[in-house]
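Here's the structure we're looking at; comments come further down.
No value in this document is a laboratory result; all are computed from the given coordinates. Treat the numbers as computed from the prediction; the structure is a model and nothing was measured. For neighbour counting, all protein chains shown are included, and Cβ atoms are generated from backbone atoms with ideal geometry for every residue, glycine included.
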Amino acid sequence: METSVLVTIKQMLGLERDYNVFDQDILVSINAALSTLKQVGAMPESHRIVSASDTWESLDFSDWQLELVKEYLYIKTRLVFDLPSNGQVISAFTERAKELEWRLHVGDGAVGG
């Protein structure tokens with residue numbers, strides 16, 4: 001079963017699947033994070049999520065990479081969309097995002113494999 005990128009990130013942010021008031025804002029953050037992954041060499045090609053019909057399976061990642069990408073997109077979107085008020089939480093999220101970028105870049109040497 002294919003799963004929507006937008007719906008997954010919305011759920012991770014604590015939003016209901018059918019609540020679409022912030023969908024455009026969330027999509028912008030998701031796509032910015034995907035662009036960052038492309039720029040750091042962690043994606044073989046550019047991808048853009050435009051609606052809830054775009055799935056995780058459409059991204060060219062292996063299973064282990066996909067789980068890291070899900071966490072990365074959540075963190076990057078959360079930092080823009082729903083910034084935590086605690087500076088330590090922001091710092092922890094930022095450091096984790098950097099670690100995930102590194103892990104996805106270095107990986108097993110075969111993005112998408």
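Using only side-chain charges placed at the Cβ, +1 for Lys and Arg and -1 for Asp and Glu, the dipole size of the chain relative to its Cα centre rounds to 340 debye. Identify all aspartates and glutamates with a Cα-Cα distance to Lys70 below 15 Å; exclude those on the same chain that are fewer than 8 residues away in sequence. Those aspartates and glutamates meeting the cut-off are Glu2, Asp54, Glu57, Asp60, Glu99, Glu101. For the chain, averaging the sequence separation of C-alpha pairs within contact (under 8 Å, six or more residues apart) and dividing by the residue count gives a relative contact order of 34 percent. Here's the list of aspartates and glutamates a cross-link from Lys98 could span, going by alpha-carbon distance under 19 Å and ignoring same-chain residues fewer than 8 apart: Glu67, Glu71, Asp82, Asp108.
Using R0 = 25 Å, the C-beta based FRET efficiency linking Ser46 and Leu66 works out to 0.90. Per-residue extension of 0.36 nm, minus the Cα-Cα distance of Ser85 and Arg103, leaves a gain of 3.8 nm for this segment. Using helices alone, what [θ] at 222 nm do you get for the chain, with -39,500 (n - 2.57) per DSSP H run of 4 or more residues, divided over all residues and rounded to the nearest 500? Computed mean residue ellipticity for the chain: -19000 deg cm²/dmol.
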